[in-house]
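The values are calculated or read from the model by the stated rules, or taken from the named source; none is laboratory data. On a predicted model such as this, the values are computed, not experimentally measured, just so you know. Because the Cβ atoms are built from the backbone with ideal geometry, glycine has one as well, and the counts that use them run over all protein chains shown. Ligands, DNA and RNA are excluded from the accessible area calculation, which covers all protein heavy atoms including side chains. Shrake-Rupley method; radii C 1.70, N 1.55, O 1.52, S 1.80 Å.
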Amino acid sequence: MSTTISYVRSRLQPFYSRQEAANLTRIICCEILGQRSVDYYVGKDMILSSNEEQELETIISRLCKFEPIQYIQGFARFGGRTFKVTPDVLIPRPETEELVERMLKEVSPTSRILDIGTGSGCIAITLSKELPEAEVTAWDVSDKAMLCAQENNVLLDAKVCFEKRDVLTYQPDAQARYDVIVSNPPYVTDSERKDMERNVLDWEPSLALFVPDDDPLRFYRRIADIGQGLLVSGGALYFEINRAFGAETVAMLRHQGYSEAYIEKDISGNDRFVIARK
Ligand code: GLN
């Protein structure tokens, strides 16, 4: 059967902006159904088998419920690599790529690095691949997220060491063993839910996203606290943060005794990272 590209786009347009519908249509036609880009751009019809037609309808109905295309495809790109993603992990964000790029410029290539709340493993695995002499450890509280991260570790031939830990309750012995701790913990406050898109709210894991309104820094405070024991003197913390809490995060870190603590902006000009030194 012959299916037109405009049919796919018209099915998505009631749910997405023009731009998003066009982008999703290109991914469906070229990446999933295998249409050649040249044929796509001249608007040639696709010849689909009945199985492919079925697949197309399934994809469209999933997208009409705002399921992220990355979960439908089963992967997302981060730092030039392809990571498996499932609804048990957050889809890696471009801001987090910026955090990793910054670390690659700043940390020693032989660092011992700990990533807290690793999710898909995108931060830890990228650091391990780009800094082959670094020793990278990653924690997560979710068994399912750890499975996904471990699969990525194998698929990408990285050598991250994964440990299941709940950072909020874990009590490490106070032996300093890391030069760097990085974390992109949950930081969206409950009251910010109302401003979020359905593709995030209905599909991404709440466990990885939300913190209570009355304690937005809970993960940062806890990490800073155990960081005092886990980091060597002069060791660094790299946080991705909620843009609304830069000043509070810096104040908390100074209060906890970190010698340096400062905010860096992301490419959109928002306060997005806090870096501190023990
Ligand atoms: N940046 C993500 C979002 O806006 C949140 C990531 C997080 O909570 N760590 O959806």
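Each part reduced to its alpha carbon centroid, region 205-234 and region 1-74 end up 40 Å apart.
Electrostatic tally near Glu106: other residues with Cβ closer than 13 Å to its Cβ, Lys and Arg +1, Asp and Glu -1, net -3. Taking amide H atoms as placed 1.01 Å from N in the peptide plane, the amide H of Arg272 lies under 5 Å from those of Glu264, Lys265, Asp266, each 5 or more residues away in sequence or on another chain. Against the compact-protein benchmark of 2.2 N^0.38 Å, the Cα-based radius of gyration of region 134-278 scales to 1.08. Beta bridges per DSSP, both residues in the chain: antiparallel share near 45 percent. Taking amide hydrogens as placed 1.01 Å from N in the peptide plane, the amide H of Gly235 sits under 5 Å from those of Lys278, each at least 5 positions away in sequence or on another chain. A probe of 1.4 angstrom, applied to the heavy atoms of all protein chains, finds Leu104 with accessible area near 60 square angstrom.
Along its three principal directions, the equivalent ellipsoid of the chain from the Cα gyration tensor extends over semi-axes of 39, 20, 16 Å, largest first.
Straight distance only, please: which lysines reach the Cα of Lys105 with their own Cα at less than 21 Å, same-chain residues fewer than 8 apart left out? Here the lysines satisfying the reach criterion relative to Lys105 are Lys129, Lys159, Lys265, Lys278. Residue ranking by accessible heavy-atom surface, 1.4 Å probe, largest first, among Cys122, Cys161 comes out as Cys161, Cys122.
Between the amide H of Asn184 and those of Ile116, Glu240, distances stay under 5 Å, these residues lying 5 or more places away or on another chain, with hydrogens modeled in the peptide plane. For the chain, adding -39500 (n - 2.57) for each run of n ≥ 4 DSSP H residues and dividing by the number of residues yields -11000 deg cm²/dmol at 222 nm.
Remind me, relative contact order of region 129-278 in percent, using alpha carbon pairs under 8 angstrom and six or more residues apart? The normalised contact order for region 129-278 reaches 21 percent.
Taking 0.36 nm per residue of separation and subtracting the Cα-Cα distance, full extension of the segment from Thr86 to Ser259 would add 58.4 nm. In the calculated pair-distance distribution of region 184-263, the portion above 19 angstrom amounts to 40 percent of the Cα-Cα pairs.
Quick one: if you stick a label point 7 Å off each Cα along the C-beta vector at Lys194 and Ile267, how many nm between them? For the pair Lys194/Ile267, the computed spacing is 3.2 nm. How many angstrom lie between the Cα centre of region 157-171 and the Cα centre of region 239-262? If we compute the Cα centre of each part, the gap is 23 Å. Mean separation of Cα pairs under 8 Å and 6 or more residues apart, divided by the residue count, gives the chain a relative contact order of 14 percent. Relative to the compact-globule estimate of 2.2 N^0.38 Å, the Cα radius of gyration of region 59-198 comes out at 1.09.
Solvent exposure of Asp173, expressed as accessible area, is near 90 Å², computed with a probe of 1.4 Å over the protein chains only. With the convex hull drawn around the C-alpha atoms of region 104-170, the volume per residue stands at 72 Å³. For region 10-25, putting each phi into the Karplus relation 6.51 cos²θ - 1.76 cosθ + 1.60 with θ = phi - 60° gives couplings of 5, 5, 8, 4, x, 10, 10, 5, 3, 5, 5, 4, 5, 5, 5, 4 Hz, in residue order, rounded to whole numbers and with x for Gly and Pro. Within the shell of other residues whose beta carbon sits under 11 angstrom from the beta carbon of Arg222, the net charge comes to -1, with Lys and Arg scored +1 and Asp and Glu -1. Counting charges near Ala76 (Lys, Arg +1; Asp, Glu -1) among other residues having Cβ under 15 Å from its Cβ returns a value of -3. The residues of region 1-148 expose on average 48 square angstrom of accessible surface per residue, using a 1.4 Å probe on protein heavy atoms.
Note on Leu104 and Lys44: the extension gain reaches 17.2 nm, defined as 0.36 nm multiplied by sequence separation minus the Cα-Cα distance.
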